[in-house]
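This report refers to the structure that appears directly beneath it.
The values are calculated or read from the model by the stated rules, or taken from the named source; none is laboratory data. Being a predicted model, the structure only gives us computed values, none of them experimental. Ideal geometry is used to build each Cβ from the backbone, glycine not excepted, and the neighbour counts take in all protein chains shown.
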Amino acid sequence: MSTRFHSSRPHARAHRFVAAAGLAASLLLAAGQHASAQLIQIKTLPIADGDQWRLFPSANAGLGDVSIALRDSLLDPFANPAKGARLSERRKGVFFGSPNVYSVSQSAGGGQTFPVGGIVRSGSTFGGLAVAIQEIDPINEQPGFFPPVPVGILRVDGTPLPTPTTPSRQNRFAFATLGHVFDRAGLSVGANVLWSGLHDIDGVDLLYAGNSGLDQHGGALDVRLGLLKEWSGQRSFEAMLLHDRFNMTQDVTWLDQVWDPNARTISSLARVDHNLDQTNTWGLHLGYSQPLSDSGWRVGAILTTNLMSHPKLPDYQITQVQVIPWDPGHSAAYDIGVGVSKSRGLTTFGLDAIYEPIRTHTWGEAPAPIVTDLGTVPAGGKTTENHFNFSNAILRTGIGQEIPIDTLRGSIRSIRLELGVGLRSIDYTLRQFDHVTQSARSQRESWLEWTPTWGLGLRFSDLELRYSGRKTTGTGRPGIFARNGDILVAAAPTAEAGRNFLSAPSGPTTLTGVTVTTHQLSVSVPIR
């Protein structure tokens, strides 16, 4: 069975397709953190994930985020800590502020992030600090279809439920880096760490259809060790080892309607599910680039691998089917890419091409022994296994033009214009086996995500001001539809009570096509 996704437009009918919904949303949020080229994102549904993880400034954002053969003077020290040594080529350091705002169309989310920090060098040692505060916008600020839990609702044990408090929608980040340069060997090494205190991940509200309250809390820790070797002739080699730990708890409140035979009325009982979302990643990144004689052209290649373990994945409810508790799993993801760039005079051009194979294996575990016609599945035994085989592709390209400006005082040195585009093709095959019914099925999913980018830069005598924008299409958000100008959240019916959630999620899912638009303003002040 093969199905293909096409984003629906506002007021258009919902498209139907078969998908492993619980795993899809879990990997989308767990593996897509920090939006770093060295952390490979896994997506099994074309869900719009916003630009929540774009924390740091980038000189190549307006060029489609080209990076393989084109240096990024702002982002490189954060991606590979050893590249902080390059700040000494023309200056001793830099301080920056980089506020950014993103929004999802159809009032389906958004957020604001304000990072500040700096990296400086003294002698052969360099280091830096940065902090960021982020606030995520509510999915729908108007009264929703499912109101908050009212006072007087009882817990399942019969005790009154206290008045709910509004969960925090603020996230906080802290970054630190330290490195050393061995000038004679042309070698630099460094380490950095990024701590994330998370209370809200954009879009999770929509992944628990029909909930009456959601409280998220947890965090992530990203640690990197980097090495950079540079030879004469501007040849360079980089290597980086990373470890990322992501751990979130999602407390979801549901209202169950229960018939009270004594009072002959229907009562609402509150039930709280504690969902864990955990992913641990080990990664290795290698890269090499060199110029082609004195033509202005430069070529490069990268090889990145991520080995991920998923100790626990949440039981999302975004489809109209019973939910399987997806427990353990593991993934292996790779990026194999080549790039070219040309910097000649005042014009810059870059192109990246990346092939991305990914293998993911997850399974459901029986909470208690399950008797089948073919035997008994013991407690903790595998009920259903999923094998995902991805064959993704990424293309990025961009061009920039520097325009010198002569002024009387010389305060404005130049204006820079940038245009770019990114294309991500996701194509995977799912093979699923049910150990209870001894049945198997397979399906194929594919879609395209387009991201045009643009940028404007002003170079002054004592600072640089950059603006970049991007717009991503080809994705959607579950359960959102427009009606008379109001945005409502569509609910899936509650699964019947019981312990045997054995059927794979294979029902209709509503995805409305949305557009994610991001604006980022970066101010960097060099230290000379």
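Points to keep in mind about this one:
- Qualifying residue in the range 111-123 (condition: of a type in the set (S, T, Y), within 19 Å of G203 (Cα to Cα), in contact with a strand residue (DSSP E or B) (Cβ under 6 Å, 6 or more places away or on another chain) and in a loop (DSSP other than H, G, I, E, B)): no
- Among the numbered conditions (1) over 27 Å from G218 (Cβ atoms); (2) surrounded by fewer than 19 Cβ atoms within 10 Å (Cβ to Cβ); (3) modelled with pLDDT of 95 or more; (4) of a type outside the set (F, W, Y), the only one that T376 does not meet is (3).
- Positions within the range 364-402 being of a type outside the set (S, T, N, Q), part of a strand (DSSP E or B) and more than 35 Å from the chain's Cα centre (by Cα), in sequence order: I370, V371, G375, V377
- Figure legend. Inter-residue proximity from the range 201-223: first residues assigned to a strand (DSSP E or B), second residues at pLDDT below 85 and of a type in the set (V, I, T), beta-carbon distance below 8 Å, spacing 6+ or different chains. Indicated pairs: Y208/I318; G213/V149; L214/V204; Q216/V204.
- Single residue of R264, R359, R344 found to be free of Cβ contacts under 8 Å to residues at least 24 places away in the same chain and either surrounded by fewer than 14 Cβ atoms within 10 Å (Cβ to Cβ) or within 27 Å of G380 (Cα to Cα) (or both): R264
- Test result for D256, in a loop (DSSP other than H, G, I, E, B) and touching a residue at least 60 places away in the same chain (Cβ under 8 Å): no
- Number of the exception - W53 against (1) modelled with pLDDT under 50; (2) in contact with a Gly (Cβ under 9 Å, 6 or more places away or on another chain): (1)
- The one condition from (1) under 20 Å from P138 (Cα atoms); (2) loosely packed, with under 14 Cβ neighbours inside 10 Å that F182 does not meet is (1).
- Taking the criterion of being of a type in the set (S, T, N, Q) and under 16 Å from T348 (Cα atoms), the only residue of the range 448-467 that qualifies is T453.
- Taking every residue in the range 41-63 that is free of Cβ contacts under 8 Å to residues at least 40 places away in the same chain and pairing it with any residue that is in a loop (DSSP other than H, G, I, E, B) and surrounded by fewer than 24 Cβ atoms within 10 Å (Cβ to Cβ), at least 6 positions away or on another chain, the pairs with Cβ-Cβ distances below 6 Å are Q41/G32.
- Here V193 clears all of (1) surrounded by fewer than 17 Cβ atoms within 10 Å (Cβ to Cβ); (2) assigned to a loop (DSSP other than H, G, I, E, B) except the condition numbered (2).
- Of everything in the range 237-261 that is touching a Gly at 6+ places or on another chain (Cβ under 6 Å) and within 30 Å of V223 (Cα to Cα), the residue that is surrounded by the fewest Cβ atoms within 10 Å (Cβ to Cβ) is T249.
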